[in-house]
Amino acid sequence: MIAQAYSASGPSKRNLVIGLICVLVLFLLVINNNSLGVVSSGGASTSSKLSSSQEELINSRVKSEVEAALLSHMPQGGGSAKMASDNGLQVTELSESKRMRILVTGGAGFVGSHLVDRLMMAGHEVIVLDNFFTGRKKNVMHWVNHPNFQLISHDVVEPIMLEVDQIYHLACPASPPHYQYNPVKTIKTSTMGTLNMLGLAKRVKARILLTSTSEVYGDPEVHPQPETYWGNVNPIGPRACYDEGKRVAETMMYAYQKQSKVDVRVARIFNTFGPRMHPNDGRVVSNFIIQALQDKDITIYGNGEQTRSFQYVSDLVEGLIRLMNGDYDQPTNIGNPDEYTVNDFSKFIKELTRSSSKISHLEATADDPRKRKPDITVAKRELGWEPVVDVKTGLAKTIEYFAGVLDEGGEIVPTGPDASKPKGGGFSI
Ligand SMILES: NC(=O)c1ccc[n+]([C@@H]2O[C@H](COP(=O)([O-])OP(=O)(O)OC[C@H]3O[C@@H](n4cnc5c(N)ncnc54)[C@H](O)[C@@H]3O)[C@@H](O)[C@H]2O)c1
């Protein structure tokens, strides 16, 4: 229309049209300005639309800042797919339906503390129950502030009421100097302690796993040892408090299964080593490493031709978890069949530590088994388990650990009359 008017008119009309266009442009500018003005004052509908997007932006920034502030003050593992801040271990976030409450008796000990690490990292609630006879708080200290973790100072010889889904029953001194220190207490721990845990399992319908031992085979006449071998144990020798204690604990497990339908698992553990072993536990691996690192004599009891098979602790923990969560309920050997004479093993450790130690021989200890090697056919077949850490790799980690312990604490006398005795609970008869 404007174009038509323009073409149809003379210069005066053209001026009029130009004027009209200017008025129109001015009008449009005023409207536009007006709307910009509303944005800044926040009154009109355009304004509320833009300011709500601004609000969203501001809110999201504030929210993420608050979240970051919260996370920075959260205890270990507090976020999602969490970092356990002090120990650096990742904790999986499990849904309520998948998260179990798991009791680990003896959880502050060597094996127990590694098992606790795995269960915590898998996102379960873990209750450690320990009397700290041979276990140490520092083994689990890195979980103490985590909301999924609880530490109870308690002796398994006394009953306890807890609500749990699974029980890993490890509480028992495991090395000869420790279990022979107070043999009556060792017997009570294995018998009354296991009875109490079975009573608890029965009450709350929890599955219970007992950490039994290759010691149930005694000084074996069958080699390697399958689970079907009944053993050769001296019932009145110095090792009997432990060996027979574990044998009767196994008997109780299957009596409760038969009579009370308790869901049981029994692991027969062979020699295990790794970081957090007690320096004074008197076992071959810790003794030899500590002696070699200090260039002291590596002491072998007897002629050293007795054999042992050693598994690294992470392999054991994997085996325990598979046994607990699988369907197989008969006793199962968990060990590494890689067999060494004690003589060869001492030379191996001397070489790995580049030690100048001499190797010396002491009098053989009573009832020391001549041969030890697990037959792990059952574990392979039923659990799909076998060790994956070779002895050399495991030893390197253990040597590094004990080197750190020596750096921190100075000289260690691992064995003999000058060795330090266990401290903590567990002395009452
Ligand atoms: N490490 C091995 O080579 C090996 C071999 C065979 C069997 N096992 C079995 O595995 C389990 C763990 O052995 P480990 O090497 O970690 O030994 P460990 O001595 O380091 O751990 C045992 C834990 O049980 C606790 N404990 C002992 N008596 C207790 C009681 N009455 N009440 C509460 N807590 C008690 C100790 O304080 C310690 O924390 C034991 O049952 C042991 O018999 C270990």
What number of residues in region 331-378 are closer than 20 Å to Lys246 by Cα, small (Gly, Ala, Ser) and touching a helix residue (DSSP H, G or I) at 6+ places or on another chain (Cβ under 7 Å)?
-> 1
Within the bounds of region 89-104, is there any residue that is within 10 Å of the ligand (Cβ to nearest atom) and in contact (Cβ under 8 Å) with a residue 24 or more places away in the chain?
-> yes
Just for region 197-212: of the residues that are in contact (Cβ under 8 Å) with a residue 60 or more places away in the chain and surrounded by fewer than 21 Cβ atoms within 10 Å (Cβ to Cβ), which one is nearest to the ligand (Cβ to nearest atom)?
-> Arg207
Kindly list the number of the only condition in (1) among the β-branched types (Val, Ile, Thr); (2) surrounded by fewer than 21 Cβ atoms within 10 Å (Cβ to Cβ); (3) part of a helix (DSSP H, G or I) that fails for Val157.
-> (3)
Please enumerate the residues belonging to region 213-252 that are under 30 Å from Asp165 (Cβ atoms), more than 13 Å from the ligand (Cβ to nearest atom) and touching a strand residue (DSSP E or B) at 6+ places or on another chain (Cβ under 7 Å).
-> Glu227
Return the total of residues in region 242-278 being closer than 20 Å to Ala379 by Cβ, more than 25 Å from the chain's Cα centre (by Cα) and among the hydroxyl-bearing types (Ser, Thr, Tyr).
-> 1
Is it the case that region 288-304 has a residue that's surrounded by fewer than 23 Cβ atoms within 10 Å (Cβ to Cβ), of a type outside the set (Ser, Thr, Tyr), within 13 Å of the ligand (Cβ to nearest atom) and modelled with pLDDT under 95?
-> no
Within region 307-327, is even one residue among the basic types (Lys, Arg) and at pLDDT 95 or above?
-> yes
Go over the candidates Ile334, Ile349, Ile359 one by one and state the one that is more than 30 Å from Lys258 (Cβ to Cβ) and either crowded, with 20+ Cβ neighbours inside 10 Å or polar (S, T, N, Q) (or both).
-> Ile349
Flag if Gly107 is near the ligand (Cβ under 10 Å from one of its atoms), outside any helix (DSSP H, G or I) and in contact with a strand residue (DSSP E or B) (Cβ under 9 Å, 6 or more places away or on another chain) = yes
Unique match (being touching a Lys or Arg at 6+ places or on another chain (Cβ under 6 Å) and under 24 Å from Met324 (Cβ atoms)) among Val248, Val266, Val262 | Val262
Which members of region 131-159 meet the condition of being near the ligand (Cβ under 9 Å from one of its atoms) and within 19 Å of Thr191 (Cα to Cα)?
-> Asn131, Phe132, Phe133, Thr134, His154, Asp155, Val156, Val157, Glu158
Identify, by number, the condition in (1) in a strand (DSSP E or B); (2) at pLDDT below 95 that Gln150 doesn't meet.
-> (2)
From the option list Thr189, Thr194, single residue qualifying as free of Cβ contacts under 8 Å to residues at least 60 places away in the same chain, surrounded by 19 or more Cβ atoms within 10 Å (Cβ to Cβ) and polar (S, T, N, Q) is Thr194
So which pairs qualify, if the first residue must be in region 236-252 and free of Cβ contacts under 8 Å to residues at least 40 places away in the same chain, the second must be part of a helix (DSSP H, G or I) and within 12 Å of the ligand (Cβ to nearest atom), the Cβ gap must be under 8 Å, and the two must be at least 6 apart or on different chains?
-> Asp243/Glu215; Asp243/Val216; Arg247/Val216
Restricted to region 110-126 and to residues being more than 8 Å from the ligand (Cβ to nearest atom), among the hydrophobic types (A, V, I, L, M, F, W, C) and over 8 Å from the mean Cα position of the chain (by Cα), the residue surrounded by the most Cβ atoms within 10 Å (Cβ to Cβ) is Val126
Of (1) more than 7 Å from the ligand (Cβ to nearest atom); (2) over 25 Å from Gly88 (Cα atoms); (3) outside any loop (DSSP other than H, G, I, E, B), Leu162 satisfies every one except (3)
Within region 165-180, the residues that are more than 7 Å from the ligand (Cβ to nearest atom), surrounded by fewer than 23 Cβ atoms within 10 Å (Cβ to Cβ) and at pLDDT below 95 are Pro176, Pro177, Gln180
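The values are calculated or read from the model by the stated rules, or taken from the named source; none is laboratory data. None of these values were measured; they are calculated from a predicted model. No Cβ is skipped: glycine too gets one built from the backbone with ideal geometry, and neighbour counts run over all protein chains shown.
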